[in-house]
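For reference, the structure discussed in these notes is given below.
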Amino acid sequence: METPGDPPNAVPDRSRWGRLHVLDWIAIGLVVLGAVSVLTGLLPRADAEATMRRIIPILIFLGTVVVLAELTAVAGVFDALATRVAVTARGSFRALFWLCVGFASVTTIALNLDTTAVLLTPVMIALARALNVPPTPLAMTTVWLANTASLLLPVSNLTNILASDRVGLDPVPWAARMWWPQLVAVAVTALLLWWWYWRPARAGADPFVPPPPYVPPDRVLYRTALAACLLFVAGILAGVEIGIASGVAAAILVAGFAVRARHRLRPALVPWRLLVFVTGLFLVVQTIGRHGLDTVMGTLIGTDPGAEGALRAGAVGALFSNAVNNLPAYLAGEAVIAADRHTQLLALLIGTNVGPLATPWASLATLIWYERCRAAGVTVPLGRFVATSAALAVLATAATVTALLVGPGA
């Protein structure tokens, strides 16, 4: 993915429209199409208002959690964590690989995929720079496992919360049903991560020299940022609404910077492009749904209650997630699956959790990850990202749906 020379998340002035990134143009196009849909009546105003009420908590979370991550990075928390991981690996590149895979998987499972994208992406990038190794393998570990490790618990993904309500499973029964598919998804991801990204980088990085102990530039801000992140995590674990948890944590850290380093607070901290993109996306997808998408989803998924129906649901979920986004793809698929077909619904969930990898907009986590990489000046070639991520999406979705069908609890 190309990273332009503008400051991270900056809002360009009128003289610089020609330098907008392709995703800037997509975001602008989506919100314009959404507005036109409402103004022309293609999307009734009442439906648009209901959509906005539903996504406002998501927008609050996205805006505040990115500010939290930006300021936490400035405070040096991510550099400190990266140093600790490097020391634990004791110079072994293979040990570093497994530590990163485990770290990303546990963070995604216990918290959620968006938290992994926000908090772990800067850690991985800081770690690569501390060890003087290419950042791409570590960055790809974050984004792939943020998606593929998000099956085990209802809190691991926003789509899981929707699905758990539909099938009526509490966290423990949910985990009992999904642990085997989750293990398969992580195993396939780890295999392809090593083969395509870590193995080629190993020659010049194994063994590596652990960095010296990290000293934060401002210990007060460092402790404030660490406390804000821990409060955010604790809030999620306690069941606090995710936007409230991120908003409170970000407010605490902003207050700390207002006292200690006011010059670091700037409007560009807010991810305006991401917020515009999500708003336009939901309005456009809802409009398309009213004018044929639901019918198409029903035809593609079919009504077969067995293995064929599950495999089709998983494939359609992955395909539409990469075409639009996994949240509207799941909602569109859920609407055409009978309430008593739990296996088919869970297969759709796998497609919308494990499959959203081939395009930057396929999931909110991937969008956040892209913003984090862009802000850190890390370039991941778009062609390679799409090719390898699409291959993982196909292989992991197929393997994980199969595990759902033949594994324990099937």
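The values are calculated or read from the model by the stated rules, or taken from the named source; none is laboratory data. Just so we're clear, the structure is a prediction, and the values are computed from it rather than from any experiment. Here the Cβ is made from the backbone with ideal geometry for all residues, glycine too, and neighbour counts use every protein chain on show. Side chains are part of the model used for accessible areas, which takes the heavy atoms of the whole protein and leaves out ligands, DNA and RNA. Shrake-Rupley method; radii C 1.70, N 1.55, O 1.52, S 1.80 Å.
Filtering region 43-51 for residues that are assigned to a helix (DSSP H, G or I) and within 20 Å of Arg273 (Cβ to Cβ) leaves a non-empty set. Please verify whether Ile350 is without any contact (Cβ under 8 Å) to a residue 60 or more places away in the chain, β-branched (Val, Ile, Thr) and either open to solvent by less than 30 Å² (accessible area, probe 1.4 Å) or out of contact with any helix residue (DSSP H, G or I) (no Cβ under 8 Å at 6 or more places or on another chain) (or both), treating the condition exactly as stated. It is false that Ile350 is without any contact (Cβ under 8 Å) to a residue 60 or more places away in the chain, β-branched (Val, Ile, Thr) and either open to solvent by less than 30 Å² (accessible area, probe 1.4 Å) or out of contact with any helix residue (DSSP H, G or I) (no Cβ under 8 Å at 6 or more places or on another chain) (or both). Across region 121-154, what is the number of residues that are out of contact with any Leu (no Cβ under 8 Å at 6 or more places or on another chain) and closer than 15 Å to Leu364 by Cβ? Selection size over region 121-154: 1.
Apart from one condition, Gly168 fits all of (1) open to solvent by less than 50 Å² (accessible area, probe 1.4 Å); (2) at positive phi; (3) not hydrophobic (A, V, I, L, M, F, W, C); the exception is (1). Looking only at residues of region 228-238 that are over 20 Å from the mean Cα position of the chain (by Cα) and closer than 26 Å to Ala261 by Cα, we find that the one that is surrounded by the fewest Cβ atoms within 10 Å (Cβ to Cβ) is Leu231. Would you confirm whether any residue within region 226-238 is more than 30 Å from Glu334 (Cα to Cα) and without any contact (Cβ under 8 Å) to a residue 12 or more places away in the chain? Yes; the residues of region 226-238 include at least one that is more than 30 Å from Glu334 (Cα to Cα) and without any contact (Cβ under 8 Å) to a residue 12 or more places away in the chain.
For region 189-227, a residue qualifies if it is of a type in the set (Lys, Arg) and open to solvent by less than 20 Å² (accessible area, probe 1.4 Å), but none of them does.
On the stretch given as region 244-264, residues that are surrounded by 14 or more Cβ atoms within 10 Å (Cβ to Cβ) and either touching a helix residue (DSSP H, G or I) at 6+ places or on another chain (Cβ under 6 Å) or part of a helix (DSSP H, G or I) (or both) total 14. Residues in region 22-47 that are farther than 11 Å from Gly280 by Cβ and either of a type in the set (S, T, N, Q) or within 25 Å of the chain's Cα centre (by Cα) (or both): Val22, Leu23, Asp24, Trp25, Thr40. Could we say that Gly91 is at positive phi, in contact with a helix residue (DSSP H, G or I) (Cβ under 8 Å, 6 or more places away or on another chain) and open to solvent by less than 10 Å² (accessible area, probe 1.4 Å) here? Here the answer is no, as Gly91 does not meet what is asked. Against the list (1) part of a helix (DSSP H, G or I); (2) open to solvent by 20 Å² or more (accessible area, probe 1.4 Å); (3) within 28 Å of Asn325 (Cβ to Cβ); (4) free of Cβ contacts under 8 Å to residues at least 40 places away in the same chain, the condition Thr303 fails is (1). Exactly one residue out of Leu99, Leu68, Leu59 is open to solvent by 40 Å² or more (accessible area, probe 1.4 Å), at pLDDT 85 or above and under 26 Å from the mean Cα position of the chain (by Cα): that is Leu99.
Per-residue answers, yes or no, for (1) open to solvent by less than 10 Å² (accessible area, probe 1.4 Å); (2) among the acidic types (Asp, Glu); (3) over 15 Å from Leu162 (Cβ atoms):
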site	(1), (2), (3)
Gly317	yes, no, no
Ala362	yes, no, yes
Arg374	no, no, yes
Leu382	no, no, yes
Val394	no, no, yes
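Flag not set for Leu153, criterion: modelled with pLDDT under 90 and open to solvent by less than 40 Å² (accessible area, probe 1.4 Å). Against the conditions (1) at pLDDT 80 or above; (2) open to solvent by 20 Å² or more (accessible area, probe 1.4 Å); (3) of a type in the set (A, V, I, L, M, F, W, C), Val22 satisfies every one except (1).
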